[in-house]
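Laboratory data are not the source of any read-out in this text; all were calculated from the coordinates shown. What you are looking at is a predicted structure, and each value in this text was computed from that prediction instead of being measured. Methodologically, a virtual Cβ is constructed for each residue, glycine included, from the backbone with ideal geometry; neighbour enumeration extends over all protein chains shown.
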Amino acid sequence: MTRTHGSPLMIRTSLVLRRRSRLIVAALVIAVPLVGLYALTLGSSDLSLGETAAGVLGIGESGTTFVVRGLRLPRILVAIAAGAALGASGFLLQGLLRNPLGSPDVMGVTAGASLAAVLAIGAELAPFLLPLAAAAGAGIATATLHLLTTRSRAAGARLILAGIGIHAAASAATVLTVARLPFGRLGAAEVWLAGSLHARTWAHVVAVTVAVAVTLPVAYALVRRLGLLELGEDVAIGAGVPVRATRVELLVIATILAGAAVAVTGPVGFVALGAPHIARRIVGQSGAATLATAGLVGAILLLVADVIGQRVFHPTPIAAGVVTAVLGAPYLLWLLHRWGRR
Amino acid sequence: MIRRVGVIVLAAVVLVAVSAVSIAVGSVTLPLGEVLDAITGARSSDAHLIVSDLRVPRMIGGLVAGGCLGVAGVLLQGATRNPIASPSMLGITAGGGFAVAMGVAFLGLPAGAAVWVAFVGGAGAAALALALASTGRDGLSPIRLVLSGAIVSSLLGAWTAGLLAIDQRTADDVRHWLAGSLAGREVAAVGPLLPIVAVALVAAWVLARPLDALALGDETAVGLGQRPGRIRLGAAGLAVLLSAVAVALAGPIAFVGLAVPHVARWLVGSEHRLVLLVSLFLGPAMLLGADVVGRVVARPSEVQAGVLTALLGAPLLIRLAVRAKVAS
């Protein structure tokens, strides 16, 4: 009997941990639709929970059903899917860059997606192509990041600074593009740039859900190798992980997730940064449960931000992206502080 | 020596040329003859109105704001011995912008107080960035200082955007200015700032030699009879003041203070007096150049100068972050 299996106590702790993280994931899976249902009751005229539930099921009054199913449900579903995509994308990217600040919104990936999407709006591409354009923009930003990390071996604070540079350049180019848009396209671009969930349609729901449904299983399959990569390249190579291929696969998946989310919500900050941190706090450093938790927390964060935006300064609606930025920015500061003390 | 004088003269000529272009070119196309008539005082036409009421004040605002940002960048890079330090990378311009949006737009302070509000906001933001960067286990590192500053900037930027989202009415007045624009300046707004600028520039000139000593390292500077702490504090204070003037005039414009000192050092070497002089000319040249491009790139609408300086400066930031020889 070798001791590779660890002491009985360690096995028990890890079992307890696993059971605990399963419970947390289960609780979140229940919480997301509940928060969603509450969000469905809000709007220009508030409905009761019962009316809303009846509306969702299509068994209530026809007017209520129309409002709930036609207007509010797409918005809520987009928030859930996009929030989950952002949370998962941030989890993958932070793990890959081994940097707590290395999320797509800080590193210019979402800004690249925004730029591409605005260009697509200007080129009058069909709306269903918008997610593809955004993913392509995110891809270019990510490729730049990848080059920076591999060619120059920039790491830590330097890498984040370079990402902030990419973010600044892409944001400025976005403003420039919007200013050059023909008048007729301006409104579409500006609404989208505010990072608002206002007036989402079932087409948005389908676009983001397809992207998430295709990429999340792949992300799930990559999680074990990501965990080994986080321990260091040598460890990963020793464990038989094809390091280079895994990196590229992770980058591609994180990029598609971020691009798909940005395409349907506009640039929403902080969710991709904050959700993985919260997930790591409640279920531990890495693993499939952490990925799932990051996605679920992301969904809840975006839903809650949207509810806050609709409620707090009622009747003036505030875009969800503004809410996440205002509330998330101090957290970013605190994260930087903690990172320094580590 | 001759080469250095040549560079300074050349920088001055570039500035004059860009200034001239900034009067001649705008979102409204005017024939050059009409512009000249308008300047020489034939007060006849729309041309006169456009040139004397819109373009000239705008040029003057750009001259002052750009010069302030260039000099502030030199002071900060010298004081921190950090090539990535600049008013925007340390959160100073974003702090000033947030304070002005808060103070002038929401608390109703008079517009004339903007420079002092911006000074307080900029100093507060820089202090916050410094405090954050100093909490690291291995003390204050230059890279962490600019990273902290950049993150303080993004925090304040987000809050400013939040303020604007809440109050749409003031938003329209403030939003344009916050993006870093020279549009809609009045000569009257520049006048009261000039004494401040003059005093700060003289003080910067006096600090140039001590900064040269500081560049040799703290111990050598002490050996040369300097007090590094005082020099740093003085240079940083001046930089915040100059940035506040720029913020009051043009909003939180990024990357001018970062890029201009690098170009200046590349042209004349590292002696601070020369770098200051060249930056004093090149700062306004960059800002006015960006302003002119912004006027013509999206006719009939305009793109704020700050957007174009960011487009020019961000690649430099990426390069510096990856390459610069700074202890991380």
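Brief remarks follow.
- Taking the number of Cβ atoms within 10 Å of each Cβ as an exposure proxy, the fewest-first ranking of A:TRP192, B:TRP159 is B:TRP159, A:TRP192.
- Principal axis analysis of the Cα atoms in the stretch A:63-155 yields extents of 60, 32, 14 Å, listed in decreasing size.
- Label-point separation, A:LEU37 to B:SER134 (7 Å along Cα→Cβ), nm: 5.3
- Screening chain A for whole DSSP H helices of 15 Å or more along their axis (Cα) with average Kyte-Doolittle hydropathy at least 0.5 returns A:8-41, A:73-97, A:109-122, A:130-151, A:156-180, A:183-193, A:202-230, A:243-265, A:271-283, A:288-311, A:320-341.
- Against the rule of thumb 2.2 N^0.38 Å, how large the Cα Rg of the protein assembly as shown comes out: 1.02
- Of all the options A:SER196, A:SER48, A:SER114, the one that moves most in a Gaussian network model of chain A with Cα springs shorter than 10 angstrom is A:SER48.
- Equivalent-ellipsoid semi-axes of chain A, from the Cα gyration tensor, Å, largest first: 34, 27, 17
- Couplings 3J(HN,Hα) of the stretch B:291-307, computed from phi: 4, 5, 4, x, 6, 9, 6, 9, 3, x, 8, 10, 10, 5, 4, x, 5 Hz, in residue order, whole Hz [Karplus 6.51 cos²θ - 1.76 cosθ + 1.60, θ = phi - 60°; x for Gly and Pro].
- Relative frequency of Cα-Cα separations exceeding 24 Å in the stretch B:229-328, percent: 30
- Sorted peptide list for A:239-251, A:77-89, criterion being average Cβ within 10 angstrom, highest first: A:77-89, A:239-251
- Amide H contacts of A:GLY269 (H built 1.01 Å from N, in plane; Pro and chain starts excluded): A:ALA325 sit under 5 Å, all sequence-distant by 5 or more or on other chains.
- Mean shadow area of the stretch A:180-233, taken as a quarter of the surface of its Cα convex hull (nm²): 6.8
- Reference-scaled alpha-carbon Rg (2.2 N^0.38 Å with N residues) for the stretch A:224-263: 1.35
- Shielding of peptide A:191-201 by partners, expressed as the average count of other chain Cβ atoms within 10 Å per residue Cβ, is 0.
- Per-residue mean of C-beta atoms belonging to partner chains within 10 Å, peptide B:158-164: 5
- Whole-Å semi-axes of the ellipsoid equivalent to chain B (Cα gyration tensor, √5λ, descending): 33, 24, 17
- The ellipsoid equivalent to the alpha-carbon distribution of the stretch B:38-132 has semi-axes of 34, 19, 8 angstrom, derived from the gyration tensor eigenvalues as √(5λ) and listed largest first.
- Shielding of peptide A:321-333 by partners, expressed as the average count of other chain Cβ atoms within 10 Å per residue Cβ, is 5.
- Helical mean residue ellipticity (222 nm; -39500 (n - 2.57) per DSSP H run of 4+; nearest 500) of chain B: -24000 deg cm²/dmol
- In this structure the amide hydrogen of B:LEU182, modeled in the peptide plane, comes within under 5 Å of the amide hydrogens of B:ALA305, none closer than 5 places in sequence on its chain.
- The stretch B:74-102 and the stretch A:185-241 have their alpha-carbon centroids 35 Å apart.
- Coordinate range of the alpha-carbon atoms in the stretch A:265-342 per principal axis, descending: 42, 28, 20 Å.
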